[in-house]
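Enquirer: Here it is, the structure, as C-alpha coordinates.
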Amino acid sequence: MAQEQWYMAIGGHQVGPVSQEDVVTNLRNGTIDGNTLVFSAGMANWTPLKDVPAMAAYLTSPASRARSASPSSGGPLGPATRSNCVKSRMCSAISGRIK
(Lines give C-alpha, C1' and ligand atoms only; values in the text may rest on other atoms or scores of the structure.)
Protein backbone atom coordinates (compact mmCIF):
# COMPACT_ATOMS: atom_id res chain seq x y z
CA MET A 1 0.00 0.00 0.00
CA ALA A 2 1.35 3.43 -0.94
CA GLN A 3 2.04 5.96 1.78
CA GLU A 4 -0.50 8.79 1.98
CA GLN A 5 0.72 12.06 0.52
CA TRP A 6 0.05 15.39 2.25
CA TYR A 7 0.32 19.02 1.22
CA MET A 8 0.88 21.97 3.57
CA ALA A 9 0.43 25.72 3.16
CA ILE A 10 3.66 27.32 4.41
CA GLY A 11 4.56 30.95 3.88
CA GLY A 12 1.81 31.38 1.28
CA HIS A 13 3.07 28.44 -0.80
CA GLN A 14 1.86 24.90 -1.28
CA VAL A 15 4.48 22.44 -0.04
CA GLY A 16 4.27 18.80 -1.02
CA PRO A 17 3.60 16.11 -1.63
CA VAL A 18 5.20 15.03 1.65
CA SER A 19 4.72 12.06 3.95
CA GLN A 20 2.74 12.20 7.18
CA GLU A 21 6.08 11.80 8.97
CA ASP A 22 7.33 15.00 7.28
CA VAL A 23 4.21 16.87 8.41
CA VAL A 24 4.71 15.65 11.99
CA THR A 25 8.41 16.61 11.91
CA ASN A 26 7.49 20.14 10.80
CA LEU A 27 4.89 20.32 13.56
CA ARG A 28 7.42 19.26 16.18
CA ASN A 29 10.13 21.66 15.03
CA GLY A 30 7.73 24.61 14.92
CA THR A 31 7.65 25.21 11.17
CA ILE A 32 3.88 24.57 11.23
CA ASP A 33 1.23 24.52 13.93
CA GLY A 34 -2.37 23.44 14.46
CA ASN A 35 -3.63 26.31 12.30
CA THR A 36 -1.54 25.30 9.28
CA LEU A 37 -3.73 24.30 6.36
CA VAL A 38 -3.17 20.75 5.13
CA PHE A 39 -4.66 18.66 2.35
CA SER A 40 -4.61 15.00 1.37
CA ALA A 41 -6.52 12.79 -1.07
CA GLY A 42 -10.11 12.29 0.02
CA MET A 43 -10.41 15.66 1.75
CA ALA A 44 -12.95 18.12 0.33
CA ASN A 45 -10.94 21.26 1.20
CA TRP A 46 -7.72 22.53 2.74
CA THR A 47 -8.26 22.18 6.49
CA PRO A 48 -6.43 23.39 9.60
CA LEU A 49 -4.20 20.58 10.87
CA LYS A 50 -5.93 20.70 14.29
CA ASP A 51 -9.23 19.74 12.59
CA VAL A 52 -7.82 16.68 10.78
CA PRO A 53 -8.19 13.63 13.06
CA ALA A 54 -5.14 11.85 11.59
CA MET A 55 -2.99 14.89 12.42
CA ALA A 56 -4.67 16.38 15.52
CA ALA A 57 -3.36 13.47 17.59
CA TYR A 58 0.12 14.94 17.18
CA LEU A 59 -0.93 18.18 18.89
CA THR A 60 -0.66 16.52 22.30
CA SER A 61 2.37 18.40 23.59
CA PRO A 62 1.73 21.65 25.53
CA ALA A 63 4.22 23.48 23.30
CA SER A 64 2.33 22.46 20.15
CA ARG A 65 -1.00 23.53 21.63
CA ALA A 66 0.43 26.88 22.73
CA ARG A 67 1.87 27.57 19.27
CA SER A 68 -1.41 26.73 17.54
CA ALA A 69 -3.36 28.98 19.91
CA SER A 70 -0.91 31.87 19.66
CA PRO A 71 -2.08 34.81 17.51
CA SER A 72 1.57 35.64 16.84
CA SER A 73 2.25 32.24 15.29
CA GLY A 74 1.63 33.62 11.82
CA GLY A 75 -1.53 31.59 11.24
CA PRO A 76 -1.90 28.90 8.62
CA LEU A 77 0.47 30.60 6.21
CA GLY A 78 2.94 31.64 8.89
CA PRO A 79 6.62 32.23 8.29
CA ALA A 80 8.97 29.40 7.42
CA THR A 81 12.72 29.62 7.61
CA ARG A 82 15.49 27.53 6.17
CA SER A 83 16.74 26.80 9.69
CA ASN A 84 13.51 25.14 10.85
CA CYS A 85 12.35 23.50 7.64
CA VAL A 86 12.73 19.72 7.78
CA LYS A 87 15.64 18.61 5.64
CA SER A 88 13.78 16.77 2.92
CA ARG A 89 12.37 17.24 -0.54
CA MET A 90 10.00 19.89 0.82
CA CYS A 91 12.88 22.25 1.59
CA SER A 92 14.04 22.09 -1.97
CA ALA A 93 10.44 22.65 -3.10
CA ILE A 94 10.28 25.96 -1.27
CA SER A 95 13.94 26.94 -1.49
CA GLY A 96 14.31 30.56 -2.46
CA ARG A 97 10.73 31.35 -1.42
CA ILE A 98 11.34 31.46 2.33
CA LYS A 99 13.33 33.80 4.53
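The values are calculated or read from the model by the stated rules, or taken from the named source; none is laboratory data. As the structure is a prediction and not an experimental result, all values here were calculated from the model. Heads up, the Cβs are rebuilt from the backbone with ideal geometry, glycines too, and the neighbour counts pull from every protein chain shown.
Enquirer: Does at least one position in region 68-79 carry a residue that is closer than 20 Å to Q3 by Cβ and either in a helix (DSSP H, G or I) or at pLDDT 50 or above (or both)?
Expert: no
Enquirer: Any idea how many residues of region 46-67 are surrounded by fewer than 16 Cβ atoms within 10 Å (Cβ to Cβ), at pLDDT below 95 and part of a helix (DSSP H, G or I)?
Expert: 7
Enquirer: While we're here: Can you tell me which residue within region 1-45, out of those that are without any contact (Cβ under 8 Å) to a residue 12 or more places away in the chain and in a loop (DSSP other than H, G, I, E, B), is farthest from the chain's Cα centre (by Cα)?
Expert: Result: M1.
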